[in-house]
Amino acid sequence: MPELPEVEVTRRSFAAAIQGARVTGLRLGKPLRWPLGVDPEVLLGSQVGSVQRRGKYLWLPLENSGGLLMHLGMSGSLAFLDATPAPGAHDHFDLHTDRGLLRLTDPRRFGAVVWAEALDADPVATLLGGLGLEPFDERFDGAHLHAALSGRRVAIKQALLAGDIVVGAGNIYACESLFMAGIDPRLPAGKLSRPRADRLAAAVRQVIGQALEAGGTTLRDFRDAHGVAGSFQMQAQVYGREGEPCRRCGTAIRRIVQGQRSTFFCPSCQKR
Ligand SMILES: [Zn+2]
């Protein structure tokens, strides 16, 4: 599933090219996760502004016509194309502009494109309302993390995955961050000490930052808007490495299931 780094890499791959373009047409394929919520005719002629990202959502502002909130779901990818190839079976949203075609390809159709008058107007405001801080927001630090985890009995891995404290620590990055911080993923969240919260907040930023530099992951079939595969999986310390030796201590990496998601960790390096 595309995670925050992939979404940010996608944003960077087309934001400059599409800014200032005018909408010349819109084509909808099969239904996505949520309806568009606007008559496409209304958007014709409007100019695309600066594409922003919040969590795993992209916001495409349209001058005088609100904007489009886009989500890649489980299997989506966005590409901004110079040409206008005929839509394939999995191409369910096309935004035609005078500078090219923005196309959402999404085989599983959990992705979405939703219109709203503004970022703080529904349905967009509701969709974004429960999101935690951005990992590179200066307010996200050990103190914030420690306070937010206080009293939570859920395992620390699942508290990170929930996304209501900090966004971006999806399954891969949660596993990698906990390894980097030396924390057992099963530790009850509320028991994380303040010094360890400091280390974990720093690890989350570092792991997500590394993934961004590497162009996102290729653990599924992610491609950015130019069709370039990311390379973060080459650097994974624990994710997807069950039974392989820990790169730090040589102990076999373990896999367990938490909340129906696989967790990978080193039973020696990561402590309760
Ligand atoms: Zn180890």
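Bear in mind these aren't lab numbers, they're just calculated from the coordinates by the rules spelled out. Values in this document were obtained by computation on a predicted structure and should not be read as measured data. Here the Cβ is made from the backbone with ideal geometry for all residues, glycine too, and neighbour counts use every protein chain on show.
Between the amide H of residue 46 and those of 23, distances stay under 5 Å, these residues lying 5 or more places away or on another chain, with hydrogens modeled in the peptide plane. Every helix of 4 or more DSSP H residues in the chain counts as -39500 (n - 2.57), and over all residues that averages to -7500 deg cm²/dmol at 222 nm. For the chain, the longest principal axis of the alpha carbon atoms and the long axis of helix 4-18 meet at an angle near 30°.
A straight line joining the Cα centroids of region 137-205 and region 1-75 runs 30 Å. Taking amide hydrogens as placed 1.01 Å from N in the peptide plane, the amide H of residue 252 sits under 5 Å from those of 246, each at least 5 positions away in sequence or on another chain.
Count the lysine pairs in the chain whose Cα atoms sit under 23 Å apart, keeping only pairs 8 or more residues apart in sequence or on different chains.
Within the chain, the lysine pair count is 5.
The string of couplings for region 96-106 from the Karplus curve (6.51, -1.76, 1.60, θ = phi - 60°) is 7, 10, 6, 10, x, 10, 9, 10, 9, 9, 8 Hz, one whole number per residue in order, with x for Gly and Pro. Close amide H contacts of residue 165 (hydrogens built in the peptide plane, cut-off under 5 Å, sequence separation of 5 or more or a different chain): 132.
For the options 244, 117, 138, a Gaussian network treatment of the chain with springs between C-alpha atoms closer than 10 Å singles out 138 as fluctuating the most. Approximating the spin labels as points 7 Å out from Cα along Cα→Cβ, the residue 139-to-residue 242 distance works out to 3.9 nm. Structure remark: mean-square fluctuation, Gaussian network model of the chain, C-alpha springs under 10 Å; the largest value among 49, 170, 243 belongs to 243. For the residues 141, 198, 120, a GNM of the chain with alpha-carbon springs under 10 Å puts the largest fluctuation on 120.
Evaluating 6.51 cos²θ - 1.76 cosθ + 1.60 at θ = phi - 60° for every residue in region 160-176, the Karplus couplings come out as 5, 4, 4, x, 8, 9, 9, 8, x, 8, x, 4, 4, 6, 5, 4, 5 Hz, glycine and proline recorded as x. Across region 141-156, computed HN-Hα scalar couplings (Karplus, 6.51 cos²θ - 1.76 cosθ + 1.60, θ = phi - 60°) run 8, x, 5, 5, 4, 4, 5, 5, 7, 3, x, 7, 8, 4, 4, 4 Hz from first to last residue, x flagging Gly and Pro.
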